[in-house]
């Protein structure tokens, strides 16, 4: 009975301890700690961070990149960005990115054809995979291709590797429109087949309510939510 009670009240004790620690922080630079994947950091967050630093020069942002699901309270992290469908108990969660997945490649890969006419045309080329995702399986299902085709091609540790391989002309990548918009505008990547798909998984900002006791955290939360595309306005 005592063990069941302890499991039930332990999260509350963690939140009280975290709130107390935030109130007892000695004077100095205000800091905000955020955990996310390297792909999200490099392809989405870092290009926007200069705007935050210009608005709030007194706040120091500490970014830790990892693919594992961190424990915010025990690891002293204010915010995390998680990839999934939402529904994390004891956490506040807001959608950040909820946009299309798009097949892209280097323009040199498909020259001189420039465009493809059918989804099956992509199977002439290697498919570039992130080892943590099943995006190609989702895409194949959406366009009516057999799922075993989704397993073809080299695998990289994260989406940064997939993106760099696409730049190098190693194959077809399936990437989020919001991540690759600059590369498409610059012509470094092209969309050879106009068949993006809506992905059921999204990036979410998650945090404990006690994180907002710190003014710097409130500034960062409000700023980050203001960076979302219009498609990501609803709360998860």
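What follows draws every value from the coordinates through simple rules; no lab data is involved. Since the structure is predicted, the reported quantities are computational estimates derived from the model, not experimental observations. Cβ placement follows ideal geometry from the backbone for every residue including glycine, while neighbour counts extend to all protein chains displayed.
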Can you grab the distance from the C-alpha centre of the stretch 154-195 to the C-alpha centre of the stretch 40-99, Å, no decimals? 23
Length-normalised contact order of the stretch 101-186 in % [C-alpha pairs under 8 Å, at least 6 apart]: 45
With 0.36 nm assigned to each residue of separation and the Cα-Cα distance removed, residue 212 to residue 167 gains 12.2 nm
Set of the stretch 173-201 residues, backbone N closer than 15 Å to the point 7 Å along the Cα-Cβ line of residue 117: 193-194
At a Förster radius of 25 Å, what calculated FRET efficiency corresponds to the Cβ-Cβ distance of residue 58 and residue 88, to the nearest 0.05? 0.25
Taking R0 as 30 Å, what FRET efficiency do you get between residue 38 and residue 225 from their Cβ-Cβ distance, rounded to the nearest 0.05? 0.85
